[in-house]
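What follows is a set of notes on a single structure, which appears directly below.
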């Protein structure tokens, strides 16, 4: 039992949240108005999401720009119709040929379609050697991200009507079709929310307390996505952005509310009245939430240093959800808590008793664990380091790139079209290289290039070039021997640009740009690699600075950065083991391995660095609170970890399960994000923050709080928690 009532905090934040807690209905009314305006604004003025990939100064971007200038009719992108005759038959059989021609004729009448190929004449199409499989381009007038969203369903419906009952199979692939299969939020991805609810019921032992963080998490992410929709009316956001924003926003929204609700229940049971308890919780735990949320947002927006607009906006979209989660937790939650009061303990879960008093926390599992790891720090530290480094070993064989349609779920039309093309023509027909030739100073350069490419190792086929009306430009298409995602194809792109094309064109005066989706993905990877050091320097540097200012310890800040890096390496290693090497691949719902998406590591690192700082802030702020009060470094570790540890564990389990829920989605990229972030968060919180960090801090002792005097004087002071003494037998 507490010996005295906790002291109320002071300061601007305490006064602000105090006014909310003492005038809860006014705060709730203001939020209702804000919610209506935001959601209504999203419905009335919200924009649409588009997959626009602009790569400034890249060869593939120059190819696209020249294509738009010289071939305006082909500046759009295509869908590719892939036909297959029944086993033992040929598409050249009169009945089957009539079906193919009828299908393509019907497709040519669709809106936004400007041309269709003919596999039987070899015009923008081709027939396989055995005649069973064929493909033809369905050319649209616009880039894939501008094509009407109903265009692909209409194309598929038209083809289904033309082939119904004939035995001829038709599947579709190409940029326009891939864009229509953009990742969407699926109900299956909310399985993690149900798991989070179960965890909260166990942690809190009461339905009302458990439902509150879930409700606020859903509200904050809904508002964040609405804000993103409004922002999409002013600029383009990639279709994966809202999925990433949902993933991050849901995790932090639940966790931030969890920390404040936990603190509220602690001080409520320590003797404060509901409104004072809501004020203290929002002014103390809420201050840590603000600091943690801003750290996450800053880390994510550091993706702007990559220099690719779509990645920058992915970071901005995720940051919107984080900032919204902070605002909801700090300004609306105190009002609701003040009104609920002791009713937050209503609807007890049978068989589960919540013991949040100081005496129970002193005897709790987290306290006993902290004593164990600190007592055996010389064994714990090396064991944890060895395990983490072993987990990171698969990074030695990592292959970064972009997975092609061959890794899509087996029931998608793009996967089935991929398999048919690979069977009929070879895997390289799924990712042609597109060379756009400016031959205004060298007439015939396109034909010369095409003829020369037919003799190049690694190229399976080169159709006749397409010449524009002015005959000053040509399009040369080359089909590699290997699949779009293979290392050999990436190497071929590099050789085409550095050796093959320059040698074939010579000094004739023609300018050639190597483009197409495969080359564009290669350019994106190169840009990310070149900008990665600057991006990492910003993310790590800002985090080091903020933590040093907050904890007045350079050692704590450096330790936080290095241990987070360790968590990231472990998570990336396991990711490679599963998605690239195929260990346990079926468990994540895939049947084909592929490279790790090149943009994933930098984005996951930025997100992880921010989220990891959440747990570092909540854990070390409580440890520092004890250290400042007692002046004893080692005992403060056990007391601080024992006090906040259960909440950190619960928060990590919740966020980990929320991320893991996204593994159930259809998109390989989303599966990778969910898997990597889920593993990283669980390992970082349970192994690094709750095990390695206490052991390291105990090993360092007083040195763990060292900061050079000149740096201490130079840096401004940040206070994570307002001055507050909880006069209990064990500090809260």
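The values are calculated or read from the model by the stated rules, or taken from the named source; none is laboratory data. Here the structure is a predicted model, which is why all the values come from computation and not from measurement. We place every Cβ from the backbone using ideal geometry, glycine too, and count neighbours over all the protein chains shown.
How many residues, within the stretch 656-686, are farther than 25 Å from residue 582 by Cα and in contact (Cβ under 8 Å) with a residue 60 or more places away in the chain?
To start, the set of residues in the stretch 656-686 that are farther than 25 Å from residue 582 by Cα comprises 685-686.
Retained after the next criterion (residues that are in contact (Cβ under 8 Å) with a residue 60 or more places away in the chain): 685.
Final tally of qualifying residues: 1.
Quick check on the stretch 70-86. Is at least one of its residues in a loop (DSSP other than H, G, I, E, B) and at pLDDT 90 or above?
Within the stretch 70-86, one or more residues are in a loop (DSSP other than H, G, I, E, B) and at pLDDT 90 or above.
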I'd like the full set of residues that are out of contact with any helix residue (DSSP H, G or I) (no Cβ under 7 Å at 6 or more places or on another chain) and modelled with pLDDT of 85 or more, limited to the stretch 260-278.
273, 276
Taking only the stretch 424-442 into account, find how many residues are assigned to a loop (DSSP other than H, G, I, E, B) and either outside the structural domain of residue 485 (by TED's automatic domain parsing) or under 32 Å from the mean Cα position of the chain (by Cα) (or both).
3
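Here's the yes/no breakdown for (1) over 24 Å from residue 135 (Cα atoms); (2) surrounded by fewer than 19 Cβ atoms within 10 Å (Cβ to Cβ):
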position	(1), (2)
460	no, yes
493	no, no
501	yes, no
525	yes, yes
Within the stretch 402-412, identify whether any single residue is free of Cβ contacts under 8 Å to residues at least 24 places away in the same chain and surrounded by fewer than 21 Cβ atoms within 10 Å (Cβ to Cβ), and answer yes or no.
yes
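Residues are listed down the side, and each one gets a yes or a no for (1) assigned by TED's automatic domain parsing to the domain that holds residue 610; (2) at pLDDT 85 or above; (3) assigned to a helix (DSSP H, G or I); (4) under 20 Å from the mean Cα position of the chain (by Cα):
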residue: 479; (1), (2), (3), (4): no, yes, no, no
residue: 482; (1), (2), (3), (4): no, yes, no, no
residue: 489; (1), (2), (3), (4): no, yes, yes, no
residue: 495; (1), (2), (3), (4): no, yes, yes, no
residue: 498; (1), (2), (3), (4): no, yes, yes, no
residue: 501; (1), (2), (3), (4): no, yes, yes, no
residue: 536; (1), (2), (3), (4): yes, yes, yes, yes
Looking at the structure I just gave you, is residue 318 buried (at least 21 other Cβ atoms within 10 Å of the Cβ) and in a helix (DSSP H, G or I)?
yes
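Conditions (1) outside the structural domain of residue 35 (by TED's automatic domain parsing); (2) surrounded by fewer than 17 Cβ atoms within 10 Å (Cβ to Cβ); (3) modelled with pLDDT of 90 or more, marked per residue:
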| residue | (1), (2), (3) |
| --- | --- |
| 326 | no, no, yes |
| 332 | no, no, yes |
| 335 | no, no, yes |
| 341 | no, yes, no |
| 348 | no, yes, no |
| 358 | yes, no, no |
| 378 | yes, yes, yes |
| 381 | yes, no, yes |
| 385 | yes, yes, yes |
By residue number, the members of the stretch 512-534 that are part of a helix (DSSP H, G or I) and either over 19 Å from the mean Cα position of the chain (by Cα) or closer than 19 Å to residue 292 by Cα (or both) are 517, 518, 519, 520, 522, 523, 526, 530, 533, 534
Out of curiosity, is residue 55 buried (at least 18 other Cβ atoms within 10 Å of the Cβ) and part of a loop (DSSP other than H, G, I, E, B)?
yes
Quick one: which residue in 161, 181 is modelled with pLDDT under 85 and either farther than 21 Å from residue 53 by Cα or in contact with a helix residue (DSSP H, G or I) (Cβ under 9 Å, 6 or more places away or on another chain) (or both)?
181
When the residues of the stretch 144-157 are narrowed to those that are more than 27 Å from the chain's Cα centre (by Cα) and surrounded by fewer than 20 Cβ atoms within 10 Å (Cβ to Cβ), which ends up nearest to residue 236 (Cα to Cα)?
153
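From the list 163, 123, 173, exactly one residue is within 24 Å of residue 464 (Cβ to Cβ), in contact (Cβ under 8 Å) with a residue 12 or more places away in the chain and surrounded by 16 or more Cβ atoms within 10 Å (Cβ to Cβ). Which is it? Full working, then the answer.
Numbers: 163 fails: within 24 Å of residue 464 (Cβ to Cβ); 123 fails: in contact (Cβ under 8 Å) with a residue 12 or more places away in the chain.
So the residue among 163, 123, 173 that is within 24 Å of residue 464 (Cβ to Cβ), in contact (Cβ under 8 Å) with a residue 12 or more places away in the chain and surrounded by 16 or more Cβ atoms within 10 Å (Cβ to Cβ) is 173.
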